[in-house]
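Participant: One structure follows; several queries about it will come next.
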Amino acid sequence: MKVLNLYAGIGGNRKLWTDVDVTAIELNPQIAKIYQDFFPQDRVFITDAHKYLLEHFSEFDFIWSSPPCPTHSRMNNLNYIKTEQGQKPKYPDMRLYEEIILLKHWFEGDWCVENVISYYKPLIPPIESCSHYFWTNFHFSPWKKQKRYIREHLCDMEDILAEEYKKLKIPNKEQIINNMVNSELGLHILNESKRNIQSELFK
């Protein structure tokens, strides 16, 4: 299975994937370096994930995308309300919905778009799991562990990230950790996609 992992970060969602050929896209060179250290077998490109998706989506069997989330976040909205006078709200980053619509209408494989729970009612209904929103073109069964920060599968990533942080001075280390999709949930969604593909083949 050829997988495109967009806005890859350090690869929390990808950690438990096996038997896949992964191309990862990450804009921050320092974070991309950490991802490559975790997954040396993956191809990692330091470029704009949104642009890469548009130009290369047809080359893959499965696409995972986690577009930037701050302008959709409930916490971000509360921060704007609490700030001193003069602070202005920002437009929500609509790349999230641009990618969902593109994949829904043009991509022939399976796909998953992940984001935070928004402060507004989503324009396109998602599946909510583990304090994240997910948009997919296949059904995935409910995941029983509904706690967002399940650290046991990320502890080695945290340790390595801490060391890289000392060397490279990566900003917002905790945000990088907290934004990661739990590895078990990432594997669960990919496995549900594989089951969907197999069922289509045997119809």
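The values are calculated or read from the model by the stated rules, or taken from the named source; none is laboratory data. Fair warning: this is a prediction, and the values are worked out from it, not measured in the lab. A quick note on method: Cβ atoms are made from the backbone with ideal geometry, for glycine too, and the neighbour counts reach across all protein chains shown.
Participant: Considering only region 94-134, state which residues are touching a Cys at 6+ places or on another chain (Cβ under 7 Å), closer than 17 Å to Leu190 by Cα and hydrophobic (A, V, I, L, M, F, W, C).
Facilitator: Phe134
Participant: Follow-up. Only one of Asn5, Asn13 is under 17 Å from the mean Cα position of the chain (by Cα), in a strand (DSSP E or B) and either closer than 14 Å to Tyr52 by Cβ or touching a residue at least 60 places away in the same chain (Cβ under 8 Å) (or both); which?
Facilitator: After ruling out the rest, the residue left standing is Asn5.
Participant: Let me ask something additional. Can you tell me which residue in region 103-120 is surrounded by the most Cβ atoms within 10 Å (Cβ to Cβ), limited to those that are modelled with pLDDT of 95 or more and part of a loop (DSSP other than H, G, I, E, B)?
Facilitator: Gly109
Participant: So, of the residues in region 165-203 that are at pLDDT 80 or above, within 19 Å of Met1 (Cβ to Cβ) and among the polar types (S, T, N, Q), which turns out to be surrounded by the most Cβ atoms within 10 Å (Cβ to Cβ)?
Facilitator: That would be Ser193.
Participant: When the residues of region 20-64 are filtered to those that are at pLDDT 95 or above and among the acidic types (Asp, Glu), which remaining residue is nearest to the chain's Cα centre (by Cα)?
Facilitator: Out of the qualifying residues, it is Glu26.
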